[in-house]
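Heads up: the structure comes next, in structure tokens.
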Amino acid sequence: MQHEKESSITTGTREFFHVHTSRCKHASSDTDDDYTEAALKLGASKIVFTDHCPFPENPFTNRMDMEQLPEYIHSLKLLKTKYEKFIDVQIGLETEFLPSFRTYYEKLVEMGGLDLLILGQHFYEVEPDVYSFSMEDKHNEYIGLAKATLQGIKSGYFSVVAHSDRIFRRKTGWDETMAGISKEIIDEAKKVGIPLEINASSIRRRLYKQEFWDLVPPEVKIIKGIDAHSVAELNEGFTKCHYCTSFRK
Ligand SMILES: [Zn+2]
Ligand SMILES: [Zn+2]
């Protein structure tokens with residue numbers, strides 16, 4: 001799955017990468033169809049849905065329930081067919097890499113129906129059944145997030161590293177440790193040939209680190225992600241992404 005899809009992803013400005021849906025419980029009520037119609041109106045040739053990935057028995061919040069996954073895939077498959085002649089609708093999921101769920105990722109990859117998984121490391125597994133969101137002191141969270149991101153890249157399950165610089169979201173400023181960690185991620189991405197996503201929502205929410213992107217060499221592919229949780233964000237992200245000078249053309 002991954003290798004086929006990697007080659008089909010480009011950084012074109014008319015491709016809407018990283019779109020969520022109402023199922024994730026923190027997005028607008030806009031429908032899958034609304035997003036696709038909006039992308040078409042903006043002249044897009046591709047829209048890549050990557051809603052937050054559910055996990056067995058629903059241990060995490062802010063995402064669809066496990067039971068909704070078949071309906072999500074079914075709904076997007078219908079759109080794939082409906083818009084076939086006009087726009088390429090891709091079906092993906094954005095997920096954290098959690099080592100205890102390796103078998104589950106394998107199942108997602110092998111079951112068919114999904115075009116890609118993207119790595120969005122919002123938290124990490126400290127030990128089985130213990131996650132970083134329950135840590136009292138999150139000061140050094142970025143170190144665990146970086147380790148999990150590296151493991152995720154190496155796992156081979158993912159086609160893109162979403163908001164690659166967001167691991168530093170609780171850090172102000174920039175130092176040598178952060179630069180070293182960034183280089184490790186960038187080098188691994190280069191080795192594996194996985195694109196890094198520069199994320200419109202990170203920019204909007206000031207979670208973006210230019211220092212990270214300054215370290216990315218030209219041979220590492222950068223993909224622009226809109227990270228839209230509403231049609232309004234899709235439209236706004238389009239305008240900003242299109243003109244943002246930080247984005248490599
Ligand atoms: Zn979200
Ligand atoms: Zn994310």
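The values are calculated or read from the model by the stated rules, or taken from the named source; none is laboratory data. Computed from a predicted structure; not experimentally measured. In this analysis, Cβ positions are derived from the backbone assuming ideal geometry, glycine residues included, and neighbour counts consider all displayed protein chains. Side chains included, ligands, DNA and RNA excluded: accessible areas come from the protein's heavy atoms. Shrake-Rupley method; radii C 1.70, N 1.55, O 1.52, S 1.80 Å.
Mind checking which helices in the chain clear 30 Å along their axis (Cα) and have mean Kyte-Doolittle hydropathy of 0.0 or more, DSSP H runs only?
Both cut-offs are met by no helix.
With the cut-off at 18 Å, tell me which of the pairs K171/K209; K85/K221; K25/K46 have Cα atoms farther apart than that.
Violating the 18 Å Cα-Cα cut-off are K85/K221; K25/K46.
Could the peptides 232-238, 183-189, 24-30, 155-161 be put in order, highest first, of the mean number of other beta-carbon atoms found within 10 Å of their residues?
155-161, 232-238, 183-189, 24-30
Under the rule of at least 5 residues apart or a separate chain, name every residue whose amide H is placed under 5 Å from the amide H of I223.
Under 5 Å from the amide H of I223 lie the amide H atoms of L196, E197, I198, each far enough along the sequence or on another chain.
So if R0 is 25 Å, what FRET efficiency would K138 and D65 give, r being the distance between their Cβ atoms, rounded to the nearest 0.05?
Efficiency, from the Cβ-Cβ distance: 0.40.
Could you tell me how many cubic angstrom of Cα convex hull volume the stretch 2-243 has per residue?
120 Å³
State the percentage of accessible surface on the stretch 2-243 attributable to carbon and sulfur atoms; use a 1.4 Å probe and exclude ligands, DNA and RNA.
Using a 1.4 Å probe with all protein chains present, the stretch 2-243 comes out at 51 percent carbon and sulfur.
Once amide H atoms are placed 1.01 Å from N in the peptide plane, what residues at a sequence separation of 5 or more from F17, or on another chain, have their amide H within under 5 Å of its amide H?
Excluding prolines and chain starts, which carry no amide H, the hits are V48, I226.
Where only protein heavy atoms count, and the probe is 1.4 Å, what is the accessible area per residue for the chain in Å²?
Computed with neighbouring chains in place, this is 46 Å² per residue.
Under the rule of at least 5 residues apart or a separate chain, name every residue whose amide H is placed under 5 Å from the amide H of Y131.
V126
Could you order L42, L78, L116 by accessible surface area, starting with the largest, using a probe radius of 1.4 Å?
The ranking, largest first, comes out as L78, L42, L116.
Pull out the extension gain between K25 and K77, defined as 0.36 nm times the separation in residues minus the alpha carbon to alpha carbon distance; nm, one decimal.
Computed gain between K25 and K77 is 16.6 nm.
Which pairs in the list K107/K154; K41/K224; K80/K107; K82/K154 are over 26 Å apart, alpha-carbon to alpha-carbon?
Listed pairs above 26 Å: K82/K154.
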